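Have a look at the structure below, then the notes.
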Amino acid sequence: MNPDQQSRRKFLAAAGGTAALVTFPNVVRAQGPENNAKLKIGLIGCGGRGTGAASQALSADPNVQLWAIGDAFESQIGVALNGLKKFGGKVDVPAERQFSGLDAYQKVIDSGVDVVLLASPPGFRPQHIRAAVDAGKHIFAEKPMAVDVAGLKSVLESAKIAKAKGTTIQHGYCWRFSPNTREGYGKVLSGEMGRVISVYGTYQGGVPKPSTSIQDRNPAWGDVEWHLRNWMAHEWLSAGPLIEQHVHTVDKVAWAMGDVAPIAARGSGGRAQRSDDGNVWDNYEVTYEYPNGVFAHVAGRQMRGTFSEVTDRVFCEKGTLEAPNRVLTKDPAGKTTWAYRGEPENMYQVCHNEWFAAIRAGKELNAGEFMVNSTMLGMLGREAAHSGQRITWEQMWASNQDLAPDTLQMGDKFVEAPVPVPGVYKFG
């Protein structure tokens, strides 16, 4: 994050002129080199999801090797490598290819790797994607793709450059790779169930990573380091729960609607249980307005002592689809008409299997626009809820919202935006 490194602001003007016209494309594949040589993997972000992605990448192809690893915190590297030791010789990461600090991502990219796994907090995703694209690497990018509009415009531009270079970009919207969920949504998209009338998706559960008390802050830590140690609590790093976690449900709303652009969103929510020094909410209720009078609803919550439910209900003329864990359809009377009977498969593994197969075959796989639009759909809901206003898709793309500089260092002071208050918070 040095001043001379790539900044997402450099790409706002290039992306902004046409961005309002962007619609949801089909997820397609991008040109990649055809070869059977060993593919060297670089892992950037060594938390649980990053370590999981490395495990899936190492399992996806017989001739791959984890070559380099990086994280903001050195302590995370050992934890990740310990979790990957079961792969034996497929993990070859000596000390000189273990990098820590906010510039670790660039060192991993420059270490001679062929593919990179991007799993750092999403506030860094646009910068990391751009650096990997510039270096000609194949990319797996965990969701979401950014925390603000400026970041999304940068990612959109990076995806165009990757497409021209012929390098692949795979996404982490994992339910799109779930065989049972794919089959269920296929029944909706084929027209078998008639027109979609409405959607209600829930992502309601506990707190995935409780924040450390402000009393535990080391006085030697700058604001940036403190925020990084509690990144889910800070919108400039996590984007907040609707986008960092509940965006899976948001993405399935887009899926049910055929990945067409929405008209607008309105919503509400708040910060009912959180008491940390961050600025994210812990609950959202968002309604998306689509063409032809269709409204899709998302309810997301991260609270202790509440019931959990992650369920999509897609209401159609001829019945209802329920997903993603138990995938079935019901007729208007509530009788089950179909249920998935296939063998279960790990959706995370399917994602990486398809990615490496595309790289090996030299097939096109560039999910850039799709990744951006599903993230923007979550962002649209967040901004509508935070502001208490009806926000349109066009208004989102016209915004240059930017939540933090790209040049922050660990020891820097950084005063983030206050907790959003509807009616007071100004979108953009």
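The values are calculated or read from the model by the stated rules, or taken from the named source; none is laboratory data. In this text the structure is predicted, and so the values were computed from the model without any measurement. Counting neighbours? That spans all protein chains shown, and the Cβs are built from the backbone with ideal geometry, glycine included.
Can you find a residue that is in a helix (DSSP H, G or I), under 16 Å from the mean Cα position of the chain (by Cα) and either closer than 20 Å to ALA361 by Cα or of a type in the set (D, E, K, R) (or both) anywhere in the range 130-141?
yes
Which members of the range 241-297 meet the condition of being of a type in the set (A, V, I, L, M, F, W, C) and in contact with a Gly (Cβ under 7 Å, 6 or more places away or on another chain)?
LEU242, ILE243, VAL247, VAL250, VAL253, ALA265, VAL280, TRP281, VAL286
Take the range 384-416 and flag every residue that is in contact with a helix residue (DSSP H, G or I) (Cβ under 7 Å, 6 or more places away or on another chain) and either hydrophobic (A, V, I, L, M, F, W, C) or in a helix (DSSP H, G or I) (or both).
The answer is ILE391, TRP393, MET396, TRP397, LEU403, ALA404, LEU408, MET410, PHE414.
Do the conditions hold for ILE214, that is, is it in the same structural domain as GLN302 (by TED's automatic domain parsing), of a type in the set (Val, Ile, Thr) and out of contact with any Ser or Thr (no Cβ under 6 Å at 6 or more places or on another chain)?
It is true that ILE214 is in the same structural domain as GLN302 (by TED's automatic domain parsing), of a type in the set (Val, Ile, Thr) and out of contact with any Ser or Thr (no Cβ under 6 Å at 6 or more places or on another chain).
Filter the range 355-364 down to residues that are touching a helix residue (DSSP H, G or I) at 6+ places or on another chain (Cβ under 8 Å) and surrounded by 24 or more Cβ atoms within 10 Å (Cβ to Cβ) and give me whichever is farthest from TYR290 (Cα to Cα).
Among residues in the range 355-364 that are touching a helix residue (DSSP H, G or I) at 6+ places or on another chain (Cβ under 8 Å) and surrounded by 24 or more Cβ atoms within 10 Å (Cβ to Cβ), the one farthest from TYR290 (Cα to Cα) is PHE356.
Looking at the range 60-84 only, could you name the residues that are within 26 Å of LEU228 (Cβ to Cβ), surrounded by fewer than 18 Cβ atoms within 10 Å (Cβ to Cβ) and free of Cβ contacts under 8 Å to residues at least 60 places away in the same chain?
GLU74, SER75, GLY78, VAL79, ASN82, GLY83
Take the conditions modelled with pLDDT of 95 or more, under 23 Å from LEU380 (Cβ atoms), in the same structural domain as ASP251 (by TED's automatic domain parsing) and not hydrophobic (A, V, I, L, M, F, W, C) and apply them to GLY334. Does it pass?
no
Output the qualifying pairs, or none if there are none: Cβ atoms under 7 angstrom, residues six or more apart or on different chains, first residue in the range 175-193 and closer than 9 Å to PRO324 by Cα, second residue buried (at least 16 other Cβ atoms within 10 Å of the Cβ) and among the β-branched types (Val, Ile, Thr).
Filtered contacts from the range 175-193: TRP175/THR181; ASN180/VAL327; THR181/VAL327; GLY184/VAL327.
This table checks each residue for (1) among the basic types (Lys, Arg); (2) farther than 17 Å from VAL247 by Cα.
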position: ASN279; (1), (2): no, yes
position: ASN292; (1), (2): no, yes
position: ALA299; (1), (2): no, no
position: SER308; (1), (2): no, no
position: PRO344; (1), (2): no, yes
position: HIS352; (1), (2): no, yes
position: ARG360; (1), (2): yes, yes
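When you check HIS138 against the structure, is it crowded, with 23+ Cβ neighbours inside 10 Å, in contact with a Phe, Trp or Tyr (Cβ under 6 Å, 6 or more places away or on another chain) and touching a residue at least 60 places away in the same chain (Cβ under 8 Å), yes or no?
No.
List the strands (runs of 3 or more DSSP E) that sit entirely inside the range 263-342 and contain at least 3 residues that are more than 14 Å from VAL253 (Cβ to Cβ).
Per the criteria, 264-270, 319-323, 328-330, 336-339.
Please determine whether any residue of the range 177-187 is of a type in the set (Asp, Glu) and assigned to a helix (DSSP H, G or I). Reasoning before the result, please.
Kept after step one, since they are of a type in the set (Asp, Glu), are these residues of the range 177-187: 183.
Next, from what is left, pick out any that are assigned to a helix (DSSP H, G or I): 183.
Within the range 177-187, one or more residues are of a type in the set (Asp, Glu) and assigned to a helix (DSSP H, G or I).
What's the total number of residues in the range 325-355 that are in contact (Cβ under 8 Å) with a residue 12 or more places away in the chain and in contact with a Gly (Cβ under 8 Å, 6 or more places away or on another chain)?
So the answer is 9.
As an exercise: evaluate VAL207 against (1) over 17 Å from the mean Cα position of the chain (by Cα); (2) at pLDDT 95 or above; (3) of a type in the set (A, V, I, L, M) and give the number of the one condition it does not meet.
Going through (1) over 17 Å from the mean Cα position of the chain (by Cα); (2) at pLDDT 95 or above; (3) of a type in the set (A, V, I, L, M) one by one, VAL207 breaks only (2).
Here's the yes/no breakdown for (1) under 13 Å from the mean Cα position of the chain (by Cα); (2) under 12 Å from MET379 (Cα atoms); (3) of a type in the set (A, V, I, L, M); (4) surrounded by fewer than 24 Cβ atoms within 10 Å (Cβ to Cβ):
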{"site": "LEU228", "(1), (2), (3), (4)": "no, no, yes, yes"}
{"site": "HIS234", "(1), (2), (3), (4)": "no, no, no, no"}
{"site": "LEU237", "(1), (2), (3), (4)": "yes, no, yes, no"}
{"site": "ILE243", "(1), (2), (3), (4)": "yes, yes, yes, no"}
{"site": "VAL247", "(1), (2), (3), (4)": "yes, yes, yes, no"}
{"site": "ASP259", "(1), (2), (3), (4)": "no, no, no, yes"}
{"site": "ALA264", "(1), (2), (3), (4)": "no, yes, yes, yes"}
